[in-house]
Amino acid sequence: NAVVQDVQSALNNFNAPEGVSVKMTGSQEEQAETGAFLGWAMMTALLLIILILVIQFNSVSKPLIILSEIVFSIIGVFIGFSIFKMEFSIVMSGVGIIALAGIVVRNGILLVEFTDLLIERGVPTFDAIVEAGRTRMTPVILTASATILGLIPLAVGLNLDFVSLFNEGNPHIYFGGDNTAFWGPLSWTMIFGLIFATFLTLILVPVMYLIAARIKNRVRKITKKPL
């Protein structure tokens, strides 16, 4: 990519003869097309998620609270790649972000849905939020932990020779390989995003739910005042 930037800057300063056009092709053209497709796929997925959440909760604020987790998870992905100075793959990391969106949204739904259930039973809003966070903490952490632990062998490229394991009792365990270059970015994307978003889910989602509830109460009080 660094070389491509130098070539592109040179092309921008190059005065092409009349009737001659210059453009980047090959892998750079494919990379641009892949990035555009993944961007379109991400927007389509977000629109479908918003539509389903609005129908489910009959609200706009709650889907926005849940969707904010996707932003937090993407921030966590970039932080993780920056800290460990890993290469970012547009294709596999983009697919990982799209897959990550479904997992973090599910965690948010667990919290919001249980909070609504407690409020419907007459529990005060603040107490319902605290109880929902305490009750749903275990399934949220366990779900994220299971996913992260399941992705670590794929991320580090853990390889086993099952034929040798069953015949000789020696699995010939080794790390790395060609598959790491392909599956590694996807796995690390989901790992970094899940680690960052899971803890923010347990903290920021209840806080934003409480803020949204208080804003709604104030708006209701204002609208009910006689003119």
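The values are calculated or read from the model by the stated rules, or taken from the named source; none is laboratory data. Only a predicted model underlies this, so the values are computations on that prediction, with no experimental measurement involved. Ideal geometry is used to build each Cβ from the backbone, glycine not excepted, and the neighbour counts take in all protein chains shown. Keep in mind that these areas ignore ligands, DNA and RNA; they rest on the heavy atoms of the full protein, side chains included. Shrake-Rupley method; radii C 1.70, N 1.55, O 1.52, S 1.80 Å.
Numbers below:
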item: Evaluation of Gly157 against (1) modelled with pLDDT of 90 or more; (2) surrounded by 15 or more Cβ atoms within 10 Å (Cβ to Cβ); (3) not polar (S, T, N, Q) (one fails), failing number; result: (1)
item: The listed residue being part of a helix (DSSP H, G or I), touching a residue at least 24 places away in the same chain (Cβ under 8 Å) and either farther than 30 Å from Val112 by Cα or not hydroxyl-bearing (Ser, Thr, Tyr) (or both), out of Ile55, Ile50, Ile65; result: Ile65
item: Sole residue being open to solvent by 20 Å² or more (accessible area, probe 1.4 Å), assigned to a helix (DSSP H, G or I) and within 16 Å of Phe196 (Cα to Cα), chosen from Gly102, Gly108, Gly76, Gly80; result: Gly102
item: Conditions (1) of a type in the set (Phe, Trp, Tyr); (2) modelled with pLDDT of 85 or more; (3) under 28 Å from Gly184 (Cβ atoms); (4) open to solvent by 30 Å² or more (accessible area, probe 1.4 Å): number failed by Phe114; result: (3)
item: Residue that is more than 25 Å from Thr135 (Cα to Cα) and modelled with pLDDT of 85 or more, where the choices are Val77, Val91, Val105; result: Val77
item: Selected residue (only one of Ser68, Ser9 is open to solvent by less than 100 Å² (accessible area, probe 1.4 Å) and under 26 Å from the mean Cα position of the chain (by Cα)); result: Ser68
item: Enumeration of residues in the stretch 152-175 that are within 30 Å of Ser93 (Cα to Cα), part of a helix (DSSP H, G or I) and among the aromatic types (Phe, Trp, Tyr); result: Phe162
item: Set Thr135, Thr201, Thr147: member being touching an Asp or Glu at 6+ places or on another chain (Cβ under 7 Å) and either among the charged types (D, E, K, R) or open to solvent by less than 60 Å² (accessible area, probe 1.4 Å) (or both); result: Thr201
item: Matching option when the condition is open to solvent by 80 Å² or more (accessible area, probe 1.4 Å), over 30 Å from Arg121 (Cα atoms) and out of contact with any Leu (no Cβ under 9 Å at 6 or more places or on another chain), among Phe162, Phe196; result: Phe162
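Conditions tested, residue by residue: (1) modelled with pLDDT under 90; (2) outside any helix (DSSP H, G or I); (3) open to solvent by 70 Å² or more (accessible area, probe 1.4 Å).
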position: Trp188; (1), (2), (3): no, no, no
position: Phe192; (1), (2), (3): no, no, no
position: Val205; (1), (2), (3): yes, no, no
position: Ala212; (1), (2), (3): yes, no, no
position: Ile215; (1), (2), (3): yes, no, yes
position: Thr223; (1), (2), (3): yes, no, yes
